[in-house]
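The values are calculated or read from the model by the stated rules, or taken from the named source; none is laboratory data. This one's a predicted model, so the numbers in the text were calculated from it and none came from an experiment. A quick note on method: Cβ atoms are made from the backbone with ideal geometry, for glycine too, and the neighbour counts reach across all protein chains shown. Protein only, heavy atoms only, side chains kept; ligands, DNA and RNA dropped before computing areas. Shrake-Rupley method; radii C 1.70, N 1.55, O 1.52, S 1.80 Å.
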Amino acid sequence: MCILVPAEQRSRCADVGAIFVFTSELERVDSAAGARRAITLNTMTFRSAGYVEERSLQLRIDDETCAVQRLVSESMGGCDDESRVDDYKRGLALWSFAVDYTVKTLLYLSLDDTVISHDRAYSSAPRTFLGLGRRKRELRLAEVEQLYDRCIVGPARATDWAGAQADELGLDGQVSPHWRRGHFRQQAHGPQGKQRKLIFIKQTLIRTDRLAAG
């Protein structure tokens, strides 16, 4: 799976533009442990002047209940070289983001009412160019091969839902009707609310009672 990070979010996400996710089984350790799984993440980070930096990290899963961020720390190991501490911290931040972004995407895809729109740019592209010479036809076909099909995951922007994004506060000082975008939240649960679990809050229309006002 390849997850493309929207351009407007990359500045907050270590400039990561794409996350490639691969899963595989490793050789059996022993008869009791069974086959271990591995998840390999490859990231493409966009730098200045069109330079793209690629990184790879393999998460070896022995315990399915292990926290994902703990797997990241264990897979990266420590850093005993003081001259590389800053690079290590940047790498840890990058992989923490990549794993967090991947997990949230997969959690969202597992919901019953997931919003997904399909963009079949490659499948629907024309491949017959009548009236063109061989060279131009080959150029067009080469352009088609650069296209790809994709799934756009998540609800539309607030401006798409409401037509035009209004200020939350109206002229009378009260909150105006608006769409609150879907988001993830750490929900308290368990004894005395001391435990946390990640849940997804669907997009919600706020102040529906004011829709008929005026």
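For this structure, a couple of remarks:
- The residue list R90, R70, R84, R60 contains one member that is open to solvent by 80 Å² or more (accessible area, probe 1.4 Å), in contact with a strand residue (DSSP E or B) (Cβ under 7 Å, 6 or more places away or on another chain) and either among the basic types (K, R) or modelled with pLDDT of 85 or more (or both), which is R60.
- Among the conditions (1) modelled with pLDDT under 85; (2) open to solvent by less than 60 Å² (accessible area, probe 1.4 Å); (3) among the hydrophobic types (A, V, I, L, M, F, W, C), I116 misses just one, which is (2).
- Pairs, first more than 11 Å from F200 (Cβ to Cβ) and part of a strand (DSSP E or B) in region 104-123, second at pLDDT below 80 and open to solvent by less than 70 Å² (accessible area, probe 1.4 Å), C-beta under 6 Å, six or more apart: I116/V153
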